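Please read the structure below before turning to the comments.
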There are 2 protein chains.
Amino acid sequence: MTGPRFTPLVDSLPATVPFVGPETLERGRGRPFRARLGANESLFGPSPKAVAAMQAAVREVWKYGDAQNHELRLALAEAHGVAPDCIMVGEGIDGLLGYLVRLVVGPGDAVVTSEGAYPTFNYHVVGFGGALHKVPYRDDHEDPDALIGKAAELGAKLVYLSNPDNPMGTWLPAGRVQAMIEAVPEGTLMVLDEAYVEFAPDGTAPAIDPEDPRVIRFRTFSKIHGLAGARVGYAIAAAPLIAAFEKVRNHFGMCRISQAGALASLADTAWLAEVKAQVAEGRAMIARIAEAHGLTPLPSATNFVTVDCGADGDFARRVLAELTERDVFVRMPGVAPLDRCIRIAAGPEDQLAVLAEELPKALAAARG
Amino acid sequence: MTGPRFTPLVDSLPATVPFVGPETLERGRGRPFRARLGANESLFGPSPKAVAAMQAAVREVWKYGDAQNHELRLALAEAHGVAPDCIMVGEGIDGLLGYLVRLVVGPGDAVVTSEGAYPTFNYHVVGFGGALHKVPYRDDHEDPDALIGKAAELGAKLVYLSNPDNPMGTWLPAGRVQAMIEAVPEGTLMVLDEAYVEFAPDGTAPAIDPEDPRVIRFRTFSKIHGLAGARVGYAIAAAPLIAAFEKVRNHFGMCRISQAGALASLADTAWLAEVKAQVAEGRAMIARIAEAHGLTPLPSATNFVTVDCGADGDFARRVLAELTERDVFVRMPGVAPLDRCIRIAAGPEDQLAVLAEELPKALAAARG
């Protein structure tokens, strides 16, 4: 008796996990974190109206969710001024990125991203046999010219940009992003990941043109909406591309409770404005804490602050390890030169007080 | 400007939806159903303990769910007497079937199932370029000998059996299923879909041997647990096969609220026993209603009853259309000879009273 015969592609794949979750780390450590600042979650939580909607939906959870996400798509279409057939709702941006890569990328197809950008996108590309090509960041920003140049050179199927950027927190102005869209080579699709865009200054997101076949944008309820655990993301793109998702998606994949929560959260614009303000305060607090100990916070248009620890990746990894040892969960970019930094989510004062208390000790230990 | 270049496989795929959801039908009709009996959901709802756990978890939904589903896997492992590394939790059986097909099926690979069996499995196989081969049901039961014969003849990668069966509600005794497992050809993996097994008589599920590499079993929280909208299913298989899911799954794909609900539901065995008893009553009531109007209920080991309308597929489709017209949502098998039947979920008395009221009118209309 032997096991199943995997595909040759699957045989070639490693069993990777793009991110190790905080619960996994806690089990390994044998104790919980005091401050959960590593997963770019919204520590300010979901809208009370979303909470109420989800608690009501719990009683209806014996029903499958609406396979068309109809109400949520209508509401998103109205919010963005596009037709509903330009919106695809899915199981977080992660799930939607997986579908998109499956639609477009076959074995050997070229895909371009930045060295150190979102690992889960890379995971999907590799998982479908694509050939990943990476260009460096420039001054801690993603580099549209290099991305487009590489995509043109290779005839890439996809070129990925996150704006604002994860893991650096930096951002490009809308004009720069729009210029990148205009420069997308024929036959390439630009993947514009705007997971953090609601935290960014006005003028960060280019206007949405749902007729433009060169770009697909991704947004999420995991960040400003505080619904990471609900798994709701959406794509905005030209209708023919959105329609193609019907060929591969898990039609009944959405949690019914999550659909209700997202719909209620979208309508609670006062809550979202409040979270945005609180996140800005949190970022400022992280910056003050970092500077007080000789570290350099990068400007951020996200709900986290990437902090330059002032030395190399080995040093930043020691700082991170010492913070972990002191029950503070943070993460850091995976590759040089970005890996001189650690990445800390904005949170309420009591969570950042733990950071303020433990960072100097962690730094002393890392330096000693 | 052109759109993205899809893979040749994707270009060849239709935009299919394995099932049209009841909400979609309601929007098309412009009014809601009075009785929702078509999606094999549990009209008896989730355990009150699961409801409480989910309502509590709503407040923590700003956190991503545990990517390892650790607590739920431990509890499932204990419930089934297997090691946790023999359990994979995922976004419903539908989601897990998609991952499994991706792991095993490449373009042109043969897969064997029954003519009229689960459409979503077929959707995944076609979606990854597999070549579906179908054998007929025998006397409204899936036919293990024919399935195994066809799998051996073709060197199939997968052979699918649901026990109890959907859409017919029939079942095979454990000995028959175990004999099928023993006969699985070298290099074929048997997909044993046991979504409904908790409703079946004792002696329907073969003993679980987690060392056996010839079979992977699927179970779900969508049926007896009443959590269809939560999207929680799981696979039980040999550890090397379970480990392979790490290569392709969406690691942070599970809803945190759903994880909490499933864990609580699993522990509420009294509730599950009560649902099982109520479903048995509901099945008996459907059988009486059907017989009162000259129709033949098939014996069922599931939470639905498949009712032979006594003529051909066209007649059954008319009956279904007339029920729909009268606000009763039911479904039916898609192919002959199974399509002489309609399929009705067991529910509480008030829901089945609607069926009792409308079925004779629908039959009269379909006959006239």
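The values are calculated or read from the model by the stated rules, or taken from the named source; none is laboratory data. Computed from a predicted model, the values in this text were never measured in an experiment. When we count neighbours, we look across all protein chains shown, and the Cβ atoms used for this are built from the backbone with ideal geometry, even at glycine. These accessible areas exclude ligands, DNA and RNA; they are computed on the full protein's heavy atoms, side chains included. Shrake-Rupley method; radii C 1.70, N 1.55, O 1.52, S 1.80 Å.
Just need a number here: residues in region A:88-110 that are in a helix (DSSP H, G or I) and acidic (Asp, Glu).
Qualifying residue count for the region: 1.
Could you check B:Gly3 against (1) small (Gly, Ala, Ser); (2) more than 7 Å from chain A (Cβ to nearest Cβ); (3) open to solvent by 20 Å² or more (accessible area, probe 1.4 Å) and say which number it fails?
(2)
Away from chain B (no Cβ under 13 Å), open to solvent by 20 Å² or more (accessible area, probe 1.4 Å) and in contact (Cβ under 8 Å) with a residue 40 or more places away in the chain: is that true of A:Ala273 in this structure?
no
Tally the residues that are among the aliphatic types (A, V, I, L, M) and more than 10 Å from chain A (Cβ to nearest Cβ), restricting the search to region B:102-122.
Result for region B:102-122: 4.
Quick one: is B:Phe6 touching a residue at least 60 places away in the same chain (Cβ under 8 Å) and under 20 Å from A:His251 (Cβ atoms)?
No.
Output the number of residues of region A:323-335 satisfying the condition of being of a type in the set (A, V, I, L, M) and assigned to a helix (DSSP H, G or I).
Number satisfying all stated conditions: 1.
Got a sec? Which of B:Gln278, B:Gln178, B:Gln259 is farther than 30 Å from B:Trp62 by Cα, polar (S, T, N, Q), modelled with pLDDT of 95 or more and outside the structural domain of B:Asn303 (by TED's automatic domain parsing)?
Step by step, each of B:Gln278, B:Gln178, B:Gln259 is checked, and only B:Gln178 is farther than 30 Å from B:Trp62 by Cα, polar (S, T, N, Q), modelled with pLDDT of 95 or more and outside the structural domain of B:Asn303 (by TED's automatic domain parsing).
Within the group B:Asp165, B:Asp139, which residue is over 26 Å from B:Ala244 (Cβ atoms) and without any contact (Cβ under 8 Å) to a residue 40 or more places away in the chain?
So the residue among B:Asp165, B:Asp139 that is over 26 Å from B:Ala244 (Cβ atoms) and without any contact (Cβ under 8 Å) to a residue 40 or more places away in the chain is B:Asp139.
As an exercise: evaluate B:Glu246 against (1) more than 14 Å from B:Ile93 (Cβ to Cβ); (2) more than 7 Å from chain A (Cβ to nearest Cβ); (3) among the charged types (D, E, K, R) and give the number of the one condition it does not meet.
Single failed check for B:Glu246: (2).
Please name all residue pairs, on different chains or six or more residues apart, with Cβ atoms under 9 Å, provided the first residue is in region A:103-121 and is closer than 20 Å to A:Pro8 by Cα and the second residue is crowded, with 18+ Cβ neighbours inside 10 Å and modelled with pLDDT under 95.
Hits for this filter: A:Leu103/B:Pro4; A:Val104/B:Pro4.
Can you tell me which residue within region B:172-189, out of those that are of a type in the set (Val, Ile, Thr) and assigned to a helix (DSSP H, G or I), is surrounded by the fewest Cβ atoms within 10 Å (Cβ to Cβ)?
Per the criteria, the residue is B:Ile181.
Just give me the residues in region B:190-241 being within 12 Å of chain A (Cβ to nearest Cβ), of a type outside the set (A, V, I, L, M, F, W, C) and crowded, with 21+ Cβ neighbours inside 10 Å, in sequence order.
Once the filter is applied, which keeps residues that are within 12 Å of chain A (Cβ to nearest Cβ), of a type outside the set (A, V, I, L, M, F, W, C) and crowded, with 21+ Cβ neighbours inside 10 Å, region B:190-241 yields B:Arg214, B:Thr220, B:Ser222, B:Lys223, B:His225, B:Gly226, B:Gly229, B:Arg231, B:Gly233.
Out of region A:46-66, which residues are within 23 Å of A:Val275 (Cα to Cα), more than 7 Å from every other protein chain (Cβ to nearest Cβ) and open to solvent by less than 20 Å² (accessible area, probe 1.4 Å)?
Once the filter is applied, which keeps residues that are within 23 Å of A:Val275 (Cα to Cα), more than 7 Å from every other protein chain (Cβ to nearest Cβ) and open to solvent by less than 20 Å² (accessible area, probe 1.4 Å), region A:46-66 yields A:Ser47, A:Ala50.
Out of the residues in region A:13-58 that are in contact (Cβ under 8 Å) with a residue 24 or more places away in the chain and hydroxyl-bearing (Ser, Thr, Tyr), state the one that is nearest to A:Gly92 (Cα to Cα).
Here the residue is A:Ser42.
Could you count how many residues in region B:154-171 are touching a helix residue (DSSP H, G or I) at 6+ places or on another chain (Cβ under 7 Å) and either more than 14 Å from chain A (Cβ to nearest Cβ) or in a helix (DSSP H, G or I) (or both)?
So the answer is 5.
Out of the residues in region A:67-76 that are more than 15 Å from A:Gly90 (Cβ to Cβ) and open to solvent by 50 Å² or more (accessible area, probe 1.4 Å), which is nearest to the other protein chains (Cβ to nearest Cβ)?
A:Glu71
Among the residues of region B:123-148, write down those that are in a helix (DSSP H, G or I), crowded, with 21+ Cβ neighbours inside 10 Å and more than 14 Å from chain A (Cβ to nearest Cβ).
Across region B:123-148, the qualifying residues are B:Pro144, B:Leu147, B:Ile148.
Among the residues of region B:230-253, is any in contact with a Lys or Arg (Cβ under 6 Å, 6 or more places away or on another chain) and under 23 Å from B:Met54 (Cβ atoms)?
yes
Please work out if B:Arg31 is within 8 Å of chain A (Cβ to nearest Cβ) and more than 24 Å from the chain's Cα centre (by Cα).
No: the conditions fail for B:Arg31.
When region B:336-368 is examined, which residues are found to be open to solvent by less than 50 Å² (accessible area, probe 1.4 Å), part of a loop (DSSP other than H, G, I, E, B) and over 21 Å from B:Gly21 (Cβ atoms)?
B:Pro348
If the requirement is being over 20 Å from the mean Cα position of the chain (by Cα) and either of a type outside the set (Lys, Arg) or in a helix (DSSP H, G or I) (or both), which of these qualifies: B:Ala205, B:Ala195, B:Ala151?
None of the others qualify; the one that does is B:Ala151.
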